[in-house]
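Below you'll find the structure, written out as structure tokens, and then a few comments.
The values are calculated or read from the model by the stated rules, or taken from the named source; none is laboratory data. Everything numeric in this text was worked out from a predicted model, so none of it was measured. Please note: Cβ atoms are built from the backbone with ideal geometry, for glycine as well, and neighbour counts cover all protein chains shown.
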């Protein structure tokens with residue numbers, strides 16, 4: 001999954017119709033250039049690529065009166081909407097996401113109905129618990145933890161990551177169930 005694709009589709013969707021500079025500005029205001037490593041070139045490349053793939057519709061406008069180049073406005077197609085929601089759902093539900101993809105999913109989760117977001121996050125918790133169980137089944141350091149060497153540190157980090165990720169996600173689920181955030185279909 002591509003974090004750039006998810007973020008660009010999400011930014012265009014939230015505006016309904018946007019030109020490249022608006023998408024870039026929105027993503028920078030979200031700090032995505034820091035936590036997702038987004039570069040302006042990757043945003044514009046993604047806009048062109050997803051237009052060619054039929055996920056976005058592009059309309060070129062006349063050059064600005066100030067003498068600038070023509071501007072292209074983008075909006076999601078039906079395929080773009082479906083692709084965006086697929087990426088968003090995967091970002092929330094999967095345990096093996098990179099932190100930037102999970103962060104993008106969390107930042108856009110209010111595009112989903114509350115019940116759906118909660119269920120996707122519950123899937124994430126289950127996946128994290130299953131991952132922890134698989135690691136613990138194959139790795140039980142017991143009294144001779146040092147016999148595992150540095151690899152034992154990696155496995156220990158995996159267990160800790162799974163446990164802390166599941167704990168944090170359970171807390172988010174509780175906050176959502178108590179009504180945190182305005183979700184899709186709710187009054188803003």
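Within segment 22-44, the residues that satisfy the criterion of being without any contact (Cβ under 8 Å) to a residue 12 or more places away in the chain and assigned to a helix (DSSP H, G or I) are 22, 25, 28, 29, 33, 34, 41.
Looking only at segment 1-21, residues that are on the phi < 0 side of the Ramachandran plot and in contact with a strand residue (DSSP E or B) (Cβ under 9 Å, 6 or more places away or on another chain) come to 10 in all.
Quick one: which residue in 154, 135 is more than 26 Å from residue 56 (Cα to Cα), surrounded by 15 or more Cβ atoms within 10 Å (Cβ to Cβ) and at pLDDT below 95? Show your work before the answer.
Values: 154 fails: surrounded by 15 or more Cβ atoms within 10 Å (Cβ to Cβ).
The unique qualifying residue is 135.
Of all residues assigned to segment 57-65, none qualifies as being farther than 24 Å from residue 168 by Cβ, crowded, with 19+ Cβ neighbours inside 10 Å and in contact with a helix residue (DSSP H, G or I) (Cβ under 6 Å, 6 or more places away or on another chain).
Checking the condition under 30 Å from residue 16 (Cβ atoms) and surrounded by 15 or more Cβ atoms within 10 Å (Cβ to Cβ), which residue from 104, 115 passes? Break it down into steps so the answer makes sense when it comes.
Working: 115 fails: surrounded by 15 or more Cβ atoms within 10 Å (Cβ to Cβ).
The conditions single out 104.
Do you know which of the residues in segment 47-97 that are modelled with pLDDT of 90 or more, part of a loop (DSSP other than H, G, I, E, B) and within 15 Å of the chain's Cα centre (by Cα) is farthest from residue 5 (Cα to Cα)? Break it down stepwise before answering.
Of all residues in segment 47-97, those modelled with pLDDT of 90 or more come to 47-59, 72-95.
Now narrow it down to the ones that are part of a loop (DSSP other than H, G, I, E, B): 53-55, 77, 94-95.
Still in the running and within 15 Å of the chain's Cα centre (by Cα): 94-95.
Values: 94: 17, 95: 19 Å.
Among those residues, the one meeting the criterion is 95.
Of the residues making up segment 157-184, not one is under 22 Å from residue 96 (Cα atoms) and assigned to a loop (DSSP other than H, G, I, E, B).
So that you can scan it fast, the table gives a plain yes or no per residue for (1) within 20 Å of residue 6 (Cβ to Cβ); (2) modelled with pLDDT under 85; (3) touching a helix residue (DSSP H, G or I) at 6+ places or on another chain (Cβ under 9 Å):
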| residue | (1), (2), (3) |
| --- | --- |
| 107 | yes, no, yes |
| 123 | yes, no, yes |
| 139 | no, yes, yes |
| 147 | no, yes, no |
